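The values are calculated or read from the model by the stated rules, or taken from the named source; none is laboratory data. What you see is a predicted model; the values in this text were computed from it and never measured. Cβ placement follows ideal geometry from the backbone for every residue including glycine, while neighbour counts extend to all protein chains displayed. Side chains are part of the model used for accessible areas, which takes the heavy atoms of the whole protein and leaves out ligands, DNA and RNA. Shrake-Rupley method; radii C 1.70, N 1.55, O 1.52, S 1.80 Å.
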Amino acid sequence: MTVTQSGVTLDEFEAFDAASPEGLHVELINGRLLVTPAPDGDHDENVISIGDQVRAHDAGLRIYQERGLAVPAYRAGRARVDGAVAPVGYFRGQPSWSDPSGVLLVVEVTSGREADAEVDRIDKRDAYAQAGIPAYLLIDRHRGEAVVHWEPSAGRYLHECRAVFGAKLALPEPFGFDLDTSELA
């Protein structure tokens with residue numbers, strides 16, 4: 001279940017975020033407040049699988065789960081990403097809502113209802129492109145596919161590549177390897 005509220009200011013968001021009970025994820029994307037329950041086990045396993053593959057390819061990178069990123073898009077935004085791939089130690093000393101400039105890839109995994117997945121497919125994709133994050137990987141459990149977007153320019157990603165679960169997905173540089181999607185569900 002996702003609850004959305006539009007026209008929320010950054011100050012209102014910060015007050016709501018501070019008062020939110022544990023177990024709820026609160027985000028501010030393009031002026032809309034998004035509240036979602038904590039992810040299920042399959043969701044977590046997908047993120048871990050991706051993180052393991054990234055680390056096997058480059059031991060200097062890590063996937064940081066449930067990382068808060070400041071994504072200043074159309075309006076000030078705050079995204080609690082399923083995974084943020086960055087160099088080891090990048091987030092040391094950063095606040096709860098971190099600067100995304102050192103993040104190389106954001107990973108989101110769809111959950112909940114099909115209608116809720118549009119936030120990951122469109123709103124978050126656009127917010128990450130506007131924030132200049134080099135690549136965005138969407139694990140779309142509703143469609144049974146993985147989609148990578150890369151090379152942000154003028155607030156949108158210029159390229160995308162798709163693979164159905166079970167196929168290999170070519171990740172762009174600086175990764176440059178084929179992501180095995182056979183474990184994704």
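What the phi angles of segment 128-133 give under the Karplus curve with 6.51, -1.76 and 1.60, with θ = phi - 60°, is a coupling list of 5, 5, 5, 7, x, 5 Hz, glycine and proline written as x. Each Lys and Arg adds +1 at its Cβ and each Asp and Glu adds -1 at its Cβ; summed about the Cα centre, segment 93-185 shows a dipole of about 80 debye.
What number in nm² do you get for the chain if you take the convex hull of its Cα atoms and divide its surface by four? Write down the numbers at each step before the final one.
Details: hull surface 38.3 nm².
Computed as one quarter of the Cα hull surface, the answer is 9.6 nm².
If the chain linking Glu160 and His57 were pulled fully straight, counting 0.36 nm for each residue of separation and taking away their Cα-Cα distance, it would gain 35.0 nm.
Would you mind telling me the share, in percent, of accessible area of segment 96-185 contributed by carbon and sulfur at probe 1.4 angstrom?
Details: 1790 of 3770 Å².
Ligands and nucleic acids excluded, carbon and sulfur give 48 percent.
Each residue was assigned an accessible area with a 1.4 Å probe, and for Asp116 the value is about 20 Å². The slack in the chain from Arg92 to Ile48, taken as 0.36 nm per residue of separation less the alpha-carbon distance, amounts to 13.8 nm. A Gaussian network model of the chain, with springs between Cα atoms under 10 Å, assigns the largest mean-square fluctuation among Val54, Val148, Val88 to Val88. Highest mobility in the GNM of the chain, judged by mean-square fluctuation with C-alpha springs under 10 Å and restricted to His149, His43, His57, is found for His57. Over the chain, dividing the summed -39,500 (n - 2.57) contributions of all DSSP H runs of at least 4 residues by the number of residues returns a 222 nm mean residue ellipticity of -5500 deg cm²/dmol.
With every protein chain present, what is the per residue accessible area of the chain (1.4 Å probe, Å²)?
On the way: 8560 Å² over 185 residues.
I get 46 Å² per residue for the chain.
For the chain, relative contact order (Cα pairs under 8 Å, six or more residues apart, normalised by length) works out to 16 percent. Mind giving me the FRET efficiency for Ser182 and Ala15? R0 is 25 Å, r the Cβ-Cβ distance, nearest 0.05 is fine. After rounding to 0.05, the efficiency reads 0.05.
Taking the Cα centre of the chain as origin and charging only Cβ (+1 Lys, Arg; -1 Asp, Glu), how large is the dipole, in debye to the nearest 20? All intermediate terms of the calculation are to be shown ahead of the outcome.
Numbers: 17 positive and 30 negative charges, 79 e Å.
Charge dipole of the chain: 380 debye, to the nearest 20.
When the Gaussian network model of the chain links Cα atoms closer than 10 Å, the mean-square fluctuations of Gly102, Gly77, Gly41 top out at Gly41. Note that segment 61-67 has calculated 3J(HN,Hα) couplings of 10, 9, 9, 9, 7, 6, 7 Hz, one per residue in order, obtained from phi through the Karplus relation 6.51 cos²θ - 1.76 cosθ + 1.60 (θ = phi - 60°); glycine and proline are x.
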